[in-house]
Amino acid sequence: MSPAPPAAALEVSGLSHSFGARQALRDVGFRIAPGDFTALLGLNGAGKTTLFALVTRLYHSRQGRVTVFGHDIRRQPSAALAAMGVVFQQSTLDLDLTVRQNLAYHASLHGIAGSRARTRIEEELERVGLADRRDARVRQLSGGQRRRVELARALVHDPALLLLDEPTVGLDIESRRFLIEHVRHLCRQRGLAVLWATHLIDEADDTAKVIVLHQGQVLDQGPVPEVNVRAGVTTLRATFDTLTGQRQEGGGR
Amino acid sequence: MTPVQYLRCLGGIVKREALRWTQQRGRFLSALVRPLVWLAIFAAGFHFVLGVSIIPPYDTYIPYEVYIAPGLLAMIQLFNGMQSSLSMVYDREMGSMKTLLVSPFPRWFLLTAKLLASVVVSVVQAYIFLGIAWFWEIEPPPLGYLTVLPALILSGLMLGALGLVLSSFIRQLENFAGVMNFVIFPMFFASSALYPLWRVKESSLTLYWICQANPFSHAVELIRFALYGQADPLAAGVVAGCTLLFMIMAVWGYDPGRGLLARRGGGD
């Protein structure tokens, strides 16, 4: 019996999954500690979305284990899900409902209602600078604003782990910058653990941790400078290209 | 999770369903207009063709409009059930289903809450229809408006649960047109909604038994008898049994270890 290590915010081990003959994930394992900003880097089709679906219990895998703050997603799904906030790749807001109605619905899905819900909704909307749009219908908001609403929504129940699947796709530079800075600020200030899936390499700077996922497998992971050293190059882009065997210059993504 | 939190979750899901219903004007209006079109045009046309003899629960000769009113109530609920399953398929394609499923509440509870939410909406629709139908001289006994409530709830549950089952097995939105052709129309037409089954029996015994086996017929009869303050135990039993069966199938269909989501996954 070894003493239990402090529970990671998110721990994935030996996770594999296939859809019919196509193997989407192969023996994936990693660990995210509170306060970590971890970029899950992979091209489209690398298995990021499948990984998200398994971690958020949309469905189960046959092999492997996912735990959130020590709670197994299969055996203690309620405790695991209560601790996580999720921003999915596609927008999942009700367009005909107002910003506040959307957030209130989400709060109720976590058993929060009444004045507590109202307070939390105000706080999070304030934080993303959309408090004055609280009664606007989502349909009237821009893409960047909708993303901010989704971020606020994912944080309404005060999760300690935040998962974002390609959150910046389709956003302009300004909205993208706001989103990244906001989330990184939350990591530092609240000790929020973040898994940020992206195919945009520049979204992980040198202070971030990175998991390189390619064709369903983790090729390397760790703090960005360490991963670069192991790959024998100086930039994350070069590391990514080296690891995935793509050496073409200036792919722009 | 405490019981109070369960209630809050249920309340939130019902509220969202109600808001979506009232704020999507097209859906709101068509839900109200559809049965009225049947009543004002279809029933008026058949008024002169079909005579309905005295059959329980009616104790006198009745005009055709009065005969089909319970069938139209059930139709409102059928459409509503399919509508909510359509929105589930849509939600799943659009991703908002995920928002529901990552809630820490058990999945069977989330699905049941979703079902109850759609029943609340369908019962309100049914009463609005009854209110307007009064002007077509569809005037059940005053107490009938009360006794029909449990029938509407039960049949709403059954048809909503059927919608859930379909939504868990339909892969894509495009397949939903098939649901119209293969579920809504056959269920509606092969039932006692538009014509009394004794008449069907006179023309085709096979069709008669198909109608008898159709749970929708039993929903219609349950509502018909309840509207006139009478109970139809067979219909109630069939509807309750089907509700349970459909619900079990829906929970199975949405089980994270089985069902459609796991087999096919989300688009990657």
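The values are calculated or read from the model by the stated rules, or taken from the named source; none is laboratory data. Remember, it's a predicted structure, so these values are computed and weren't measured experimentally. All Cβ positions, even for glycine, are placed from backbone atoms using ideal geometry, and neighbour counts span all protein chains on display. These accessible areas exclude ligands, DNA and RNA; they are computed on the full protein's heavy atoms, side chains included. Shrake-Rupley method; radii C 1.70, N 1.55, O 1.52, S 1.80 Å.
Take B:Thr147 and decide whether it is touching a residue at least 60 places away in the same chain (Cβ under 8 Å) and more than 30 Å from B:Leu86 (Cβ to Cβ). Yes: the conditions hold for B:Thr147.
The strands (runs of 3 or more DSSP E) falling completely within segment A:151-240 that include 1 or more residues that are open to solvent by 40 Å² or more (accessible area, probe 1.4 Å) map to A:209-214, A:217-223.
Within the set A:Leu15, A:Leu10, A:Leu40, the sole residue that is in contact with a helix residue (DSSP H, G or I) (Cβ under 9 Å, 6 or more places away or on another chain), more than 8 Å from chain B (Cβ to nearest Cβ) and more than 20 Å from A:Pro223 (Cα to Cα) turns out to be A:Leu15. Counting only helices (runs of 4 or more DSSP H) that sit wholly inside segment B:1-49, those with at least 1 residues that are within 22 Å of the chain's Cα centre (by Cα) and within 11 Å of chain A (Cβ to nearest Cβ) are B:3-23, B:25-37. Only one entry in B:Tyr58, B:Tyr64 is surrounded by 17 or more Cβ atoms within 10 Å (Cβ to Cβ) and closer than 20 Å to B:Leu194 by Cα, namely B:Tyr64.
Taken across segment A:56-75, residues that are assigned to a strand (DSSP E or B), touching a residue at least 24 places away in the same chain (Cβ under 8 Å), open to solvent by 60 Å² or more (accessible area, probe 1.4 Å) and in the same structural domain as A:Leu219 (by TED's automatic domain parsing) do occur, with at least one present. Looking across segment B:188-220, the residues that are among the polar types (S, T, N, Q), in a helix (DSSP H, G or I) and surrounded by fewer than 16 Cβ atoms within 10 Å (Cβ to Cβ) come down to B:Ser203, B:Thr206. Residue selection: B:Ile223 satisfies the criterion of being assigned to a helix (DSSP H, G or I) and under 17 Å from B:Gly81 (Cβ atoms).
Sub-7 Å Cβ pairs linking a first residue in segment A:14-38 that is closer than 28 Å to A:Leu192 by Cβ to a second residue that is modelled with pLDDT of 95 or more and aromatic (Phe, Trp, Tyr), at least 6 apart or interchain, are A:Phe37/A:Trp196; A:Thr38/A:Trp196, ordered by first then second residue. Please verify whether segment A:82-92 includes one or more residues that are touching a residue at least 24 places away in the same chain (Cβ under 8 Å), open to solvent by 40 Å² or more (accessible area, probe 1.4 Å) and of a type outside the set (Val, Ile, Thr). Yes: segment A:82-92 contains one or more residues that are touching a residue at least 24 places away in the same chain (Cβ under 8 Å), open to solvent by 40 Å² or more (accessible area, probe 1.4 Å) and of a type outside the set (Val, Ile, Thr). Only one of the listed residues (A:Ala154, A:Ala79, A:Ala117) is of a type in the set (A, V, I, L, M), more than 30 Å from A:Arg22 (Cβ to Cβ) and not assigned by TED's automatic domain parsing to the domain that holds A:Ser16. That residue is A:Ala117. With respect to A:Gly35, is the statement that it is part of a loop (DSSP other than H, G, I, E, B) and more than 14 Å from chain B (Cβ to nearest Cβ) true? Yes; evaluated as a whole, the condition is true for this residue. Confirm whether A:Arg127 is open to solvent by 50 Å² or more (accessible area, probe 1.4 Å), closer than 27 Å to A:Val169 by Cβ, more than 10 Å from chain B (Cβ to nearest Cβ) and modelled with pLDDT of 95 or more. Answer is no for this residue.
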